Amino acid sequence: RPSILIALRTATVAGAERLVLEEFSHLSEDFRLNVTVLQSSDSADPDLSRIAATDSRELLRGRHDVVHTHLFLPGVIARARRSWDSSFRWVHSVHYHHYDGLSLPRLREWLDRRWVFPAADAIIAVSPAVVESVGTLPQAVFIENALDLGPTDAPDPEGLSPVVGTVAMLRTEKGLHDLVEAAAILRERGSDAHFRIAGEGPLRAGLEERIRELDLTDRVELCGYVFDLASFYGGLAVYVQPSITESFGLAALEALRYRRPCVGTDAGHLPAILGEGGFGLVVPRTGDVPASLADAIADALGRRTELSERAEAGRSHWASRLDPAVRARRTAEVYRRTLLPRVCFVAPVATHGGGGLQRQVEIQSRALRARGHGVMLLQRRDERLRVEPDHRKRWKHLTLLQTPDILSAPSTGGLRERVRGIAFVGFALARLVGARARYDVIQAQQLYSPTLVGAVAKRLLGKALVVRVTASGQLGELREIGRLPFRGVRNWAFRQVDRVIVLTEAMRAEVLQLGFEPWRVVLVPNAVQPPLEAAEPEPLPGRPFRLLFVGRLSTEKSLETLLAAAEVLAEEGREVEVTLVGAGAPQRDSTAALKAQAADLPPGATVAFRGRVDDPSSEYRRADAFVLPSVSEGMSNALLEAMSHGLVCLASDIPENRALVQDGRTGLLFEQGTPASLAGAVRTVWDDTVAGGSLAQTLRSGARSAIEKGFGPEPIARRLADLYAQVVGEQPSARAVVASQE
């Protein structure tokens, strides 16, 4: 069983400590649990003291698979240990959403948000207020606080004078001064209510002084830590929670459990706990708060029977939702997911554009994150993430590591681009070293600078290295790499790779020719997220036949073949509308040549240059057929997307396209570079559709079915997850983690 260290600041009676007690018995069956507290206390909870050690060195040096810290100080210590020790996985629970009333609040908030939270493998937020406070950290999960809310015997309190009480840490944010002032107001009104405040904290001296000033020493009792909470709640006529801010409100839940009439403020999560007034009385923290509290307490004392019934309704409402066993199962799932291999994608340009590589980074990272894997992305700085909220939201599932982008310019190539690439390698290595405790696998996207970065990081840090080849054929990476500078260094980097991911069998054959053992070459195709509904183009005839291309306008796409085929069809008297979605490539740009060719087409053939489109779904739904006339491909994302939309797909007969298109079943293949062959494929679909045939429908349904069976995000993420587990298990430093999962 994996070993879990749960770290608390003290063993006192408080929310985080109660939570650990509630979960301990449920988790101990599946994990070897160890609880440590950093500070001893004379008022320690005896139940917690029985399972907790007081040796704080365990948090600094103990060997555990997962360290689970609660609250500020344990989190800071675990983060400091992370600076030199990456052998453990770290879960941090956040129980607060504000820093009011704490010492050094600005420093604490800065440390949390800039140093502690981002470095944890998982952040558990215990209430909606905390979720909002934590923000958009991709590793954050919401697991609501839990409490055993089973029915209890709660007899009416005995005694002549009613007792009003609260349970809280004696801190400013709990609003206890307002409660003392409310006690004075009630005495002036003739009430004989007595007040009991259970808890300890830095505000005790100030409260004692104010109680003396108001001559309330016979009316208000500071009880200190109370371990027998059942007796405490059972002795109350009314429970009050006067908080200024409240992240959850566990004590209010306990009061509901014992059917105590409840009064709470509208701070933080308290109104939700009290059912927005359905389970108790809610007092706004505006105007004269002590007077409002006094009014509500007096009202509650006069309606004790009714409010006890409402409290019972609240207990029943929350009992199933806040079941400790359910919360423990969710926490256990966080532990298990945290032990999964974590991957860092390296791609200089990933969030910047909408190309095929960028779409795969997004799709695969989302699917891996959904399975529980930690996913980071190392890239050049993308300014759009800073200035465009929608763009930032799109990528919030990733932990981003960004490097400065020096010498960036619209034009690329030559010495300037080489210097830019070398700078990326240097900056990227520095970022990988700094984040070494947060990933287990480096996945280089492409063979160029990402592979060099990954190879050096592997040698320095002992991380597993996976390289993904994205293009093959005449203009593929495997041939291009031999023509680039620093060939010897690149070949050395390639030899450091633990696994090579290829997209097709044709790619596998190319990689094997370089001398790689077959077991090191793994086939993992691209993934695509199919739309909910297939495309349904408008009926023919009566309009032009619409041909669509999506991708870079570069020479390897052979788009001149598409325009020439349109010319052939137009000369036959057919109307053809060609739509090109995409921008020119930095290298091998064919935009100018294509526009010149389009200007010379005969009447009946029109070409629309749409430029780059972030979401081409509407274009897929509008088209009659998608055309991919490429000379060289990897595994075309646009072809996958077109097939997933149930679009008729016409592709050049090259090995990379044959991996997706089965001629006559999921699309039609035509002879690459031959306009007449492409025109013939278009003519076949066109004529059959006009004649009422079923060819187009067969191709549409076959394409969509093929995508759903083998190219969805989940099966691809599962293959990647299996691959990561294999390569991590081969690294000596990671074998203990893999063994703990088994």
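The values are calculated or read from the model by the stated rules, or taken from the named source; none is laboratory data. Because the structure is predicted, anything quoted here is derived from the model rather than measured. Here the Cβ is made from the backbone with ideal geometry for all residues, glycine too, and neighbour counts use every protein chain on show. To get the accessible areas, we keep the full protein, side chains included, count just its heavy atoms, and leave off ligands, DNA and RNA. Shrake-Rupley method; radii C 1.70, N 1.55, O 1.52, S 1.80 Å.
Any idea what angle helix 72-82 forms with the longest principal axis of the chain, computed on alpha-carbon atoms, 0 to 90 degrees, nearest 10?
40 degrees
Compute the distance in nm between two label points, each set 7 Å from the Cα along the Cα-to-Cβ direction, one at residue 730 and one at residue 208.
6.7 nm
Work out the count of Lys pairs in the chain where the Cα-Cα distance is under 29 Å, with the pair 8 or more places apart or on different chains. Show your work: numbers first, answer last.
On the way: 396/458; 396/463; 396/709; 557/595; 557/709.
Lysine pairs meeting the criterion: 5.
Extension gain residue 104-residue 609, at 0.36 nm per residue separation less the Cα-Cα distance, in nm?
Values: separation 505, 0.36 × 505 = 181.80 nm, distance 5.85 nm.
Length difference between fully extended and current span is 176.0 nm.
Which of the trypsin sites (Lys or Arg not before Pro) found in segment 72-169 are loop residues per DSSP with 12 or fewer other Cβ atoms within 10 Å of their Cβ?
Here no trypsin sites (Lys or Arg not before Pro) fit, given the DSSP loop and packing criteria.
Enter the angle in degrees (range 0 to 90, nearest 10) between the Cα long axis of helix 176-188 and the first principal axis of the Cα atoms of the chain, meaning the one along which they spread out most.
It works out to around 40 degrees.
Kindly state, to the nearest 0.05, the FRET efficiency for residue 415 paired with residue 622, given R0 = 30 Å and r defined as their beta-carbon distance. Walk me through the numbers before you get to the answer.
On the way: r = 44 Å, r/R0 = 1.47.
For residue 415 and residue 622, the calculated efficiency is 0.10.
Under the 0.36 nm per residue contour assumption, what length would be gained going from the current alpha-carbon distance of residue 286 and residue 40 to full extension?
On the way: separation 246, 0.36 × 246 = 88.56 nm, distance 3.91 nm.
Gain on stretching residue 286 to residue 40: 84.6 nm.
Can you bin segment 420-475 into rounded, prolate or oblate? Criterion: square roots of the alpha carbon gyration tensor eigenvalues sorted a ≥ b ≥ c, rounded for a/c under 1.5, prolate for a/b above b/c, oblate for the rest.
oblate
Explain nothing, just the number: dipole magnitude of the chain about its Cα centre with +1 on each Lys and Arg Cβ and -1 on each Asp and Glu Cβ, in debye rounded to the nearest 20. Can you show the working numbers first?
Working: 90 positive and 90 negative charges, 603 e Å.
Value, rounded to 20: 2900 debye.
Sorted by average packing, counted as other Cβ atoms within 10 angstrom per residue and highest first, what order do 558-566, 349-357, 488-496 take? Write down the numbers at each step before the final one.
Details: 558-566: 24.0, 349-357: 19.7, 488-496: 15.2.
Highest mean packing first, the order is 558-566, 349-357, 488-496.
Taking 0.36 nm per intervening residue step and subtracting the Cα-Cα distance, what contour gain separates residue 589 from residue 231 on full extension?
On the way: separation 358, 0.36 × 358 = 128.88 nm, distance 7.94 nm.
This chain segment gains 120.9 nm when fully extended.
Applying 1/(1 + (r/R0)^6) with R0 = 60 Å to the Cβ-Cβ distance of residue 599 and residue 326, what FRET efficiency is obtained, to the nearest 0.05?
Between residue 599 and residue 326 the formula returns 0.35.
Taking Cα centroids, how far is segment 206-241 from segment 13-77 in Å?
29 Å
Give the shape of segment 208-301 as rounded, prolate or oblate, defined through the alpha-carbon gyration tensor: a ≥ b ≥ c are the square roots of its eigenvalues, a/c under 1.5 means rounded, and otherwise the shape is prolate if a/b is larger than b/c and oblate if not.
Values: a/c = 1.65, a/b = 1.15, b/c = 1.44.
Taking the square roots of the gyration eigenvalues as a ≥ b ≥ c, segment 208-301 is oblate.
Could you please put 709, 396 in sequence from largest to smallest accessible area, using a 1.4 Å probe?
Most to least solvent-accessible, the answer reads 709, 396.
So what's the gap between the Cα centers of segment 543-617 and segment 162-204, to the nearest angstrom?
Here the two parts' Cα centres lie 77 Å apart.
Can you tell me the FRET efficiency between residue 153 and residue 392 if r is taken as the Cβ-Cβ distance and R0 is 51 Å, rounded to the nearest 0.05? Before the final figure, lay out the partial values.
Numbers: r = 53 Å, r/R0 = 1.04.
Efficiency, rounded to the nearest 0.05: 0.45.
Using Stokes-Einstein with the Kirkwood hydrodynamic radius over Cα pairs, what translational diffusion coefficient do you get for segment 610-718 at 20 °C and a viscosity of 1.002 mPa s, in µm²/s rounded to a whole number?
150 µm²/s
May I ask what percent, to the nearest 5, of DSSP beta bridges between residues of the chain are antiparallel? Present the calculation step by step, with values, prior to reporting the outcome.
Details: 4 of 92 bridges.
Taking every DSSP beta bridge within the chain, about 5 percent pair in antiparallel fashion.
How big is the gap, in Å, between the Cα center of segment 649-680 and the Cα center of segment 88-120?
Taking the Cα centre of segment 88-120 as reference, the centre of segment 649-680 is 57 Å away.
How many nm separate the modelled label positions at residue 50 and residue 76, each set 7 Å beyond the Cα in the direction of the Cβ?
With each label placed 7 Å out from Cα toward Cβ, I get 3.3 nm.
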